1. Looking at the structure I just gave you, is residue 9 modelled with pLDDT of 50 or more and either more than 23 Å from residue 168 (Cβ to Cβ) or not in a loop (DSSP other than H, G, I, E, B) (or both)?
2. Step by step: first the residues of the stretch 56-74, then only those that are assigned to a helix (DSSP H, G or I) and at pLDDT 95 or above, then the one that is surrounded by the fewest Cβ atoms within 10 Å (Cβ to Cβ). Which residue is that?
3. Considering every residue within the stretch 40-51, establish whether at least one is modelled with pLDDT under 90, part of a helix (DSSP H, G or I), at negative phi and surrounded by fewer than 22 Cβ atoms within 10 Å (Cβ to Cβ).
4. Would a scan of the stretch 96-111 turn up a residue that is in contact with a helix residue (DSSP H, G or I) (Cβ under 7 Å, 6 or more places away or on another chain), within 21 Å of residue 55 (Cα to Cα) and in a loop (DSSP other than H, G, I, E, B)?
5. For the stretch 135-146, indicate whether the set of residues that are buried (at least 17 other Cβ atoms within 10 Å of the Cβ), within 22 Å of residue 101 (Cα to Cα), in contact with a helix residue (DSSP H, G or I) (Cβ under 8 Å, 6 or more places away or on another chain) and without any contact (Cβ under 8 Å) to a residue 40 or more places away in the chain is non-empty.
6. Please work out which one of (1) modelled with pLDDT under 95; (2) under 23 Å from residue 113 (Cα atoms); (3) in contact with a helix residue (DSSP H, G or I) (Cβ under 6 Å, 6 or more places away or on another chain) is the condition residue 169 fails and give its number.
7. Just wondering, is there one or more residues in the stretch 118-133 that are in contact (Cβ under 8 Å) with a residue 40 or more places away in the chain and part of a helix (DSSP H, G or I)?
8. Looking at 224, 186 in this structure, which one is farther than 19 Å from residue 85 by Cβ, over 15 Å from the mean Cα position of the chain (by Cα) and touching a residue at least 60 places away in the same chain (Cβ under 8 Å)?
């Protein structure tokens, strides 16, 4: 028999654990992402960081306009903290794109404060010092590598503490923030080629079932119960024909929905 041909439209496996680390058996199918850039270059944004970088190659965003006020570092539950810390990692990649040293330092402090709430800050301290030093020197390539390494260290530490579900939520938080950043940029300055980056049917399906890999205790978290239908509603917007970009109305809906969800997640 001839082997089947695998096309670029085939769902790609992205390691849900930060920067390629598996976080739970149920999450091993990961967050697959296919984009217009994948068809053009053969390279797929496999992480939230790469999705933001892909937008930078398709447009000239005002990155600083996407900065947000500092998030609270004392929150109501560990599930909420995990979602927030994932979004803050994405804030770090945003600050790196903007090459804003002070914003990078702010992100580093928030990451350590949030990691302390989860009881894993000790495993991030060395990386955080290197991250801060890179921000001071404005050494952006090293800074990005250190931030990625902090993600991986956090995932490893959470797994070692049998908190695979929290690692899954960290990754989910990062994806939500990255898609929100891209959608918010395109809401203000719509570009059909760039909007193709958001045609993500597989990611929409995974948003819809985002909490299925979690254990019963985490799934019962009040915030996650509230977010479940709101995340599921994004599937229709992210889905559709992979050859057609999201419309302006779809981009606006996606940006507004995710902004509201992230505000809910970061509220006390």
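The values are calculated or read from the model by the stated rules, or taken from the named source; none is laboratory data. As the structure is a prediction and not an experimental result, all values here were calculated from the model. In this analysis, Cβ positions are derived from the backbone assuming ideal geometry, glycine residues included, and neighbour counts consider all displayed protein chains.
1. Judged against the criteria, residue 9 is not a match.
2. That would be 65.
3. Checking the stretch 40-51: at least one residue is modelled with pLDDT under 90, part of a helix (DSSP H, G or I), at negative phi and surrounded by fewer than 22 Cβ atoms within 10 Å (Cβ to Cβ).
4. The answer is yes; a qualifying residue exists.
5. yes
6. Residue 169 satisfies all of (1) modelled with pLDDT under 95; (2) under 23 Å from residue 113 (Cα atoms); (3) in contact with a helix residue (DSSP H, G or I) (Cβ under 6 Å, 6 or more places away or on another chain) except (1).
7. Yes, the stretch 118-133 contains at least one residue that is in contact (Cβ under 8 Å) with a residue 40 or more places away in the chain and part of a helix (DSSP H, G or I).
8. 186
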